[in-house]
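For reference, the structure discussed in these notes is given below.
The values are calculated or read from the model by the stated rules, or taken from the named source; none is laboratory data. Predicted model, so just to flag it, every value in this text is computed and none were measured. Glycine gets a Cβ as well: all are built from the backbone with ideal geometry, and neighbour counts include every protein chain shown.
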């Protein structure tokens, strides 16, 4: 029933699902952290914002851990090449992820405004770093990354941290930043005290507008300014996972897959429609506004993944070394086993995550906060 | 291409540093969470408020430690890809699966419930909160299970075969990976060690309160729980440590021979070297104090089986290098000519030894060109650092027996209600606090340093597993880790000491007559009444 090609497509879709899950769930935490100093004017207001994400951020961050683990298991070459190639960029992201858990826990443990302010900056910086670098990394996928394999499939990489800062990649970084800040603002509009929520609504409107403009700009640039990759000759979708068995042609369009599968257009259209939805809903029905921003995030990431298909990690140095859905996966047995595990466990995860959100529902108000903390 | 030796050294240093650092926090989480679950169960069953307050007070310390464990755990998940890229793609087909399952089955549950544990006291019923705590405890141990299944595969790589077309190891039997005997013993041994640490943590801090005459009721109750749980855990660590030793003797012969400094195969049943000074160069143990028969009994659970010595295992490695070279040559032939039936047959007959040919890659680009001297050198390199393993193991073992004695004494005193009758006992309990950490880190050294020179025993040499990054890059990240981890360690210790000193009384958690208790958030920030 599940031939190798089907399993690979399923795991490509699951990789996208985990990435979107991470961006939606952890994205609003990062967005709120990034806006901490903007939306929260004093320590008390910032505490309201932090308490709005505190009970759930840890579970949300697990989407990232799971994304890493699933990539390791299902796409080991993708995991190995991207993490070792973009070494210092990933290291910065890692530092951000290390500082968050302790930041949330330690911030309130010593009562000194300088201590709280230090951790506010740490949380803000860690949010911005992750949002920006993930976008820049995504942008670089379209440009191709400078790696090649030798005959032992040992990868070598030519370039450093600064080589990732191509203008298009920077634009992609800004798309990611504005999108997730907007998403975070939508969460604050839903969760924070009305005083702060009103500020968040205005912020969300501005940020979605900015996001939409940057997103369209990136699309136009991609269509006219950046050559696409394509597999040359017959596509061996059932072939062994060895990237060197294929040939790759460069110079086509990244929109080729959109022409081949017209339903792919639903993703960018959804992203833009959802941006309009955020404008219309965030101020009046905050739950609907947050759902709209979630769809905006999901549509954006899906649209990028669709454009790349079947590529996962194109190589600018040696196009033949590019990783694609057809030649970078685990063995059929591993994909099948991991699919079984995911089908059983993912719904359970969604179930208890939903329960936790229900238990912790409701706005965090300044009044509650003053009561619980004895008035300081 | 010849691997950059500096990158290998720095990557190993970074891995050891980050793993050992992570392993300061994880075992405490593993043990403490069960103590919280026990305390909360008593609360729900008896309805006595003090037990809930105990959960909340120890929960504050648990929370600080948990955050550190999570923060440093992220590094572990991503370091394989960053620093061990060739390792990751060479064995990701097998090794990645348990890591991903750990995330889905265990860590997700743990991370999602932790918020409700701290902030849900007033939002859900007692029973539901208890269930949350129990699931939290189960999830942490389950997490250890999957990590140790992955780790056990590095020690004893079963259920996988080399695929020359993809140049990597691929799964042949998941059940073999899952039911790896090394995994089962390691799991029980490791989580029990965590339970011992959690118990010691509660025992020592409670002893400190009793020495100061503070929180007396609170501390005695805590000590009673810690003594009972700790005694069971300490017994299990040692008994299952023996089981673990038995599987090591069977599946990881070189590691066993190094731990026990068995330089040459001795007639069965072999003697046990209690103390001595292992001498790597001369391959003998100076000033050895031996107990006849004991090693054979422990290692083989028999009187008539021999245990192979280091010299014999080196000879064995040398002959495996020879077979590995046949496999290597066949692999290269297959790369040019996929259908070559003769090469396929040669590879199939020798692919279990391919890893031994890869040992030569440290000194020569094409292992087939290796000189006899290089082959001898590669065979010799399969000996791990004997003195370090020998002593680490012995200190760990002494600690293990000490824990049994201390917890047995504590249990006896607790059952006679004499916990605070003698100050020397309380001081002993207090100053024993660091010992479980010492034993646990030494256990890591025995298991992982003892695996060298292999990343995957017999399959992939550590030196070959590294990424194609520069030494400068690794130095940068290593420096960053040292800097950040040191800063975090300082903050962690400062906060731990601060909240321990404040104690249940100073935090207004118990007794509560001095401060009116507010309904919400007692467990998490714990500071609101100051």
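How many residues does region A:223-243 hold that are in contact with a helix residue (DSSP H, G or I) (Cβ under 6 Å, 6 or more places away or on another chain) and assigned to a helix (DSSP H, G or I)?
Count: 1.
Do any helices (runs of 4 or more DSSP H) lying entirely in region B:413-516 carry at least 2 residues that are within 14 Å of chain A (Cβ to nearest Cβ), and which ones are they?
Numbers: elements: B:423-431, B:435-448, B:471-506.
Of the helices (runs of 4 or more DSSP H) lying wholly inside region B:413-516, those with at least 2 residues that are within 14 Å of chain A (Cβ to nearest Cβ) span B:471-506.
If residue B:125 meets every condition in (1) without any contact (Cβ under 8 Å) to a residue 12 or more places away in the chain; (2) surrounded by fewer than 21 Cβ atoms within 10 Å (Cβ to Cβ); (3) under 27 Å from residue A:61 (Cβ atoms) apart from one, which number is that one?
(3)
For residue B:325, are the conditions met, namely being surrounded by 21 or more Cβ atoms within 10 Å (Cβ to Cβ) and modelled with pLDDT of 90 or more? Lay out the reasoning, then the answer.
Details: surrounded by 21 or more Cβ atoms within 10 Å (Cβ to Cβ): no; modelled with pLDDT of 90 or more: yes.
Taking the combined requirement at face value, the residue does not satisfy it.
I need the full set of residues from region A:111-145 which are over 21 Å from residue A:15 (Cα atoms) and in contact with a helix residue (DSSP H, G or I) (Cβ under 7 Å, 6 or more places away or on another chain), in order please. So that I can check it myself, show each step before the final result.
Narrowing region A:111-145 to residues over 21 Å from residue A:15 (Cα atoms): A:111-129.
Result: A:113, A:116, A:119, A:120, A:122, A:123, A:124, A:126, A:127, A:128, A:129.
Can you tell me which condition residue A:212 does not meet? The list is (1) surrounded by 20 or more Cβ atoms within 10 Å (Cβ to Cβ); (2) more than 24 Å from the chain's Cα centre (by Cα), and all the others hold.
Failing condition for residue A:212: (2).
Among B:32, B:61, which is surrounded by fewer than 22 Cβ atoms within 10 Å (Cβ to Cβ) and at pLDDT 95 or above?
Working: B:32 fails: surrounded by fewer than 22 Cβ atoms within 10 Å (Cβ to Cβ).
Of B:32, B:61, the one residue that is surrounded by fewer than 22 Cβ atoms within 10 Å (Cβ to Cβ) and at pLDDT 95 or above is B:61.
Could you check region A:306-348 and list, in sequence order, the residues that are within 14 Å of chain B (Cβ to nearest Cβ) and farther than 25 Å from residue B:171 by Cα?
Listed by number, the residues that qualify are A:315, A:317, A:318, A:347, A:348.
Within region B:295-319, how many residues are part of a helix (DSSP H, G or I) and free of Cβ contacts under 8 Å to residues at least 40 places away in the same chain? Let's see the steps before the verdict.
At the first step, the residues of region B:295-319 found to be part of a helix (DSSP H, G or I) are B:295-300, B:310-319.
Within this subset, residues satisfying the condition of being free of Cβ contacts under 8 Å to residues at least 40 places away in the same chain are B:295-297, B:316, B:319.
Number satisfying all stated conditions: 5.
When region B:91-108 is examined, which residues are found to be at the interface with chain A (Cβ under 7 Å from one of its Cβ atoms) and within 23 Å of residue A:357 (Cβ to Cβ)?
B:103, B:104, B:105, B:107, B:108
Quick one: would you say residue B:180 is touching a residue at least 12 places away in the same chain (Cβ under 8 Å) and either touching a strand residue (DSSP E or B) at 6+ places or on another chain (Cβ under 7 Å) or at positive phi (or both)? Walk me through it before giving the result.
Values: touching a residue at least 12 places away in the same chain (Cβ under 8 Å): yes; either touching a strand residue (DSSP E or B) at 6+ places or on another chain (Cβ under 7 Å) or at positive phi (or both): no.
Against the criterion (touching a residue at least 12 places away in the same chain (Cβ under 8 Å) and either touching a strand residue (DSSP E or B) at 6+ places or on another chain (Cβ under 7 Å) or at positive phi (or both)), residue B:180 does not qualify.
Being under 18 Å from residue B:31 (Cβ atoms), at the interface with chain A (Cβ under 8 Å from one of its Cβ atoms) and in contact (Cβ under 8 Å) with a residue 60 or more places away in the chain is the filter here, so list the residues in region B:56-90 that pass it.
B:63, B:64, B:68, B:72
Within region B:155-187, work out how many residues are away from every other protein chain (no Cβ under 14 Å) and crowded, with 19+ Cβ neighbours inside 10 Å. Give the steps one after another, and end with the answer.
Step one: list which residues in region B:155-187 are away from every other protein chain (no Cβ under 14 Å), which gives B:155-158, B:179-187.
Checking which are crowded, with 19+ Cβ neighbours inside 10 Å leaves us with B:155-158, B:180, B:182-187.
Residues flagged as away from every other protein chain (no Cβ under 14 Å) and crowded, with 19+ Cβ neighbours inside 10 Å within region B:155-187 amount to 11.
Tell me, yes or no, whether region A:288-305 has at least one residue that is touching a residue at least 12 places away in the same chain (Cβ under 8 Å), within 14 Å of chain B (Cβ to nearest Cβ) and in contact with a helix residue (DSSP H, G or I) (Cβ under 6 Å, 6 or more places away or on another chain).
Taking every residue of region A:288-305 in turn, none turns out to be touching a residue at least 12 places away in the same chain (Cβ under 8 Å), within 14 Å of chain B (Cβ to nearest Cβ) and in contact with a helix residue (DSSP H, G or I) (Cβ under 6 Å, 6 or more places away or on another chain).
What helices (runs of 4 or more DSSP H) completely inside region A:42-111 contain at least 2 residues that are within 7 Å of another protein chain (Cβ to nearest Cβ)?
Numbers: elements: A:43-53, A:57-74, A:76-85, A:87-106.
Hits in region A:42-111: A:57-74, A:76-85, A:87-106.
Here are some conditions: (1) farther than 30 Å from residue A:36 by Cα; (2) outside any loop (DSSP other than H, G, I, E, B). Residue A:204 meets all but one. Which one does it not meet?
(1)
Look through B:227, B:219, B:193 and report the one residue that is within 19 Å of the chain's Cα centre (by Cα), buried (at least 17 other Cβ atoms within 10 Å of the Cβ) and more than 14 Å from chain A (Cβ to nearest Cβ).
Values: B:227 fails: within 19 Å of the chain's Cα centre (by Cα); B:219 fails: within 19 Å of the chain's Cα centre (by Cα).
Of B:227, B:219, B:193, the one residue that is within 19 Å of the chain's Cα centre (by Cα), buried (at least 17 other Cβ atoms within 10 Å of the Cβ) and more than 14 Å from chain A (Cβ to nearest Cβ) is B:193.
Condition test on residue B:203, is it touching a helix residue (DSSP H, G or I) at 6+ places or on another chain (Cβ under 8 Å) and free of Cβ contacts under 8 Å to residues at least 60 places away in the same chain?
Details: touching a helix residue (DSSP H, G or I) at 6+ places or on another chain (Cβ under 8 Å): yes; free of Cβ contacts under 8 Å to residues at least 60 places away in the same chain: no.
Answer is no for this residue.
Exactly one of (1) in a helix (DSSP H, G or I); (2) in contact (Cβ under 8 Å) with a residue 24 or more places away in the chain is unmet by residue A:2. Its number?
In the conditions (1) in a helix (DSSP H, G or I); (2) in contact (Cβ under 8 Å) with a residue 24 or more places away in the chain, residue A:2 misses (1) alone.
As an exercise: evaluate residue A:266 against (1) more than 10 Å from chain B (Cβ to nearest Cβ); (2) touching a helix residue (DSSP H, G or I) at 6+ places or on another chain (Cβ under 9 Å); (3) closer than 27 Å to residue A:200 by Cβ and give the number of the one condition it does not meet.
Just one mismatch for residue A:266, condition (3).
Taking residue B:132 as the residue in question, decide whether it is modelled with pLDDT of 95 or more and at the interface with chain A (Cβ under 10 Å from one of its Cβ atoms). Explain how you work it out, then say what you get.
On the way: modelled with pLDDT of 95 or more: yes; at the interface with chain A (Cβ under 10 Å from one of its Cβ atoms): yes.
For residue B:132, the condition - modelled with pLDDT of 95 or more and at the interface with chain A (Cβ under 10 Å from one of its Cβ atoms) - is met.
Taking region A:144-189 only, how many residues are surrounded by fewer than 17 Cβ atoms within 10 Å (Cβ to Cβ), touching a residue at least 24 places away in the same chain (Cβ under 8 Å) and away from chain B (no Cβ under 13 Å)?
Of the residues in region A:144-189, 3 are surrounded by fewer than 17 Cβ atoms within 10 Å (Cβ to Cβ), touching a residue at least 24 places away in the same chain (Cβ under 8 Å) and away from chain B (no Cβ under 13 Å).
In the set A:65, A:90, A:53, A:110, which member is buried (at least 23 other Cβ atoms within 10 Å of the Cβ) and over 26 Å from residue A:331 (Cα atoms)?
Details: A:65 fails: over 26 Å from residue A:331 (Cα atoms); A:90 fails: buried (at least 23 other Cβ atoms within 10 Å of the Cβ); A:110 fails: buried (at least 23 other Cβ atoms within 10 Å of the Cβ).
Result: A:53 is the single residue among A:65, A:90, A:53, A:110 that is buried (at least 23 other Cβ atoms within 10 Å of the Cβ) and over 26 Å from residue A:331 (Cα atoms).
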